[in-house]
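Heads up: the structure comes next, in C-alpha cells.
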Amino acid sequence: MTRKVGIGGGVFDPIHNGHLFLFSECADRLNLDEVLVIPAFNTVHKAVSNVSDYDHRREMTRLACIENKRFKLCEIEKDLGGPSYTLGTLRALKNEMPDTELYFLVGMDNLEKIETWYHPEEIVEEATVVVGSRPVNTVGSSPVFKDKVRFLDMPLMQISSTDIRDRVKDGRPIRYLVPGTVEDYIYENGLYK
C-alpha cells in the first residue's frame, strides 16, 4: 500500500500555530500517514544574517511536533548541506521513500512566490502541491501551475513569524500564536531580543 506523506518546509523562525494548523488540516483532509516538518538548513530566500541559528529553529520545530503524532521533525536539509532548495529536498525524499506519494504543503503566501523558486515547474512534478487557502482562480502568472496545484479551503490564519519576532522584541505577548513549548524556548534562550 502506498504511503501518503506531507512535506511541510520553511524557515520556521519561529514555527507557529498557522504552520501547524495548515499541516494538521492537510493531514486530516488528505488522510496523510505523516507530515515531515522540515526546517530549512541554509535558506536561499532570506538574508542569512536575519535568520536564527539552525539549531534553535530545529529545536523549536521539534517541540512543536510533539503534540501531533503525525508530525515528525525531518532534518534532511541539514543532511544534504548546501543551499536548501525545495526541488532537491523533494528528490532526496523520493529516493529515500520510493513508494510514497509526496504532498508539498504550503500557504497562499508561499504559492504566490513559487515562480521565483528554483525550477518550480519541476517541483510540481515531484509532489502534489497542496495550498491551504480560500479558493483562488489563478496561480501566479504561469499556466504551468494551474492544473498542478490542489487547493484546500480552510480558514485563513494571519500569523507570521516576522510579527512574532517583532512582538518579542517589543515585549508584547505571543501566547496563542505559537505552542507553549515554543514560547518557553524563545524566552529561555533570549531569542528575538
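The values are calculated or read from the model by the stated rules, or taken from the named source; none is laboratory data. Predicted model only: the values in this text are computed from it and were never measured. Positions of Cβ are backbone-derived with ideal geometry, glycine not excepted, and every protein chain shown enters the neighbour counts.
Report yes if PHE41 is touching a residue at least 40 places away in the same chain (Cβ under 8 Å), within 21 Å of VAL130 (Cβ to Cβ) and either surrounded by fewer than 16 Cβ atoms within 10 Å (Cβ to Cβ) or under 15 Å from the mean Cα position of the chain (by Cα) (or both), otherwise no. Talk me through it step by step, then tell me what you get.
Numbers: touching a residue at least 40 places away in the same chain (Cβ under 8 Å): yes; within 21 Å of VAL130 (Cβ to Cβ): no; either surrounded by fewer than 16 Cβ atoms within 10 Å (Cβ to Cβ) or under 15 Å from the mean Cα position of the chain (by Cα) (or both): yes.
When the stated conditions are applied, PHE41 does not pass them.
Filtering region 90-133 to residues that are closer than 24 Å to GLU25 by Cβ, modelled with pLDDT of 85 or more and part of a loop (DSSP other than H, G, I, E, B) leaves MET97, ALA127.
Would you check if there is a residue in region 85-92 being touching a Phe, Trp or Tyr at 6+ places or on another chain (Cβ under 8 Å), surrounded by 15 or more Cβ atoms within 10 Å (Cβ to Cβ), more than 11 Å from GLY8 (Cβ to Cβ) and among the hydroxyl-bearing types (Ser, Thr, Tyr)? Yes. Each residue in region 51-73 was checked for being touching a residue at least 40 places away in the same chain (Cβ under 8 Å) and in a loop (DSSP other than H, G, I, E, B), and 6 pass. For region 1-39, filtered to residues that are more than 30 Å from LYS169 (Cα to Cα) and among the β-branched types (Val, Ile, Thr), the residue that is modelled with the lowest pLDDT is THR2.
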